[in-house]
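Presented below is the structure to which this report refers.
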Amino acid sequence: MEKFEFKIDLNTPYIKAIHFLGAALVGFFIASAIFTFKFEGSIDWVNWINTITGIMLGLFFAFFPGAAKKQSLTIDETGFYLQNYTFHWGQKKEIMWDKIQGIGVQKNALQIRNSAGAKEKINLPLHTKSQLDELKSYLKKMVETKGLEYIN
């Protein structure tokens, strides 16, 4: 079977709302600092700290989804590879098919039963419902070819 790539879709309404919120926050805090300085003549240190904090939070929200692009799940003939990078640290996981007895998708996690019978849940990267449906159908096909159990 061909390789399956499960990557983050940044065109969802939630991600667009976060982008907009971040840009709006940056604009609001910069405008409030300019108007305060223009009409009052000076800005006290409390307003400066609030403005700087607001701009930093706005920039974080505006650029946060870009950092989330690095999350991915790749499935091929040899196994699957999860790269789940967060803001401070990352998680890379490689699991080969010969170590797996069963696999399935439950809610937002990939559930794996290894050859010893122990279950492990791995959180999936941010995804849409259509991506999740594609992953489920691909896993069902892969389970049939590998002779594994599909976990519901």
#### Entry: Histogram of C-alpha separations across region 70-150, 10 Å bin width, %
17, 54, 26, 2
### Task
Taking amide H positions as placed in the peptide plane 1.01 Å from N, state which residues far from Leu124 in sequence (5 or more) or on other chains have amide H under 5 Å from it.
Ala109, Leu110
### Query
Got a sec to turn the phi values of region 41-52 into Karplus ³J(HN,Hα) couplings, 6.51 cos²θ - 1.76 cosθ + 1.60 with θ = phi - 60°, whole Hz, x for Gly and Pro?
x, 8, 10, 6, 5, 5, 5, 4, 5, 4, 5, 5
### Under-5 Å amide H pairs with Gln101, H placed in peptide plane, nonlocal only
Arg113, Asn114, Ser115
### Task
Using R₀ = 30 Å, calculate the FRET efficiency as 1/(1 + (r/R₀)^6) where r is the Cβ-Cβ separation of Lys3 and Ala118; round to 0.05.
0.65
#### Entry: Cα-projected label distance for Thr128 with Asn11, points at 7 Å along beta-carbon direction, nm
0.6
### Query
For Ile75, Ile18, what's the fewest-to-most ordering of other Cβ within 10 Å of each Cβ?
Ile18, Ile75
### Flagged links, alpha-carbon separation over 23 Å, of Lys70/Lys107; Lys92/Lys121; Lys3/Lys140; Lys70/Lys119
Lys70/Lys119
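Read-outs throughout are calculated quantities, based only on the coordinates presented, and are distinct from any laboratory measurement. These figures come from a predicted structure and were not determined experimentally. Please note: Cβ atoms are built from the backbone with ideal geometry, for glycine as well, and neighbour counts cover all protein chains shown.
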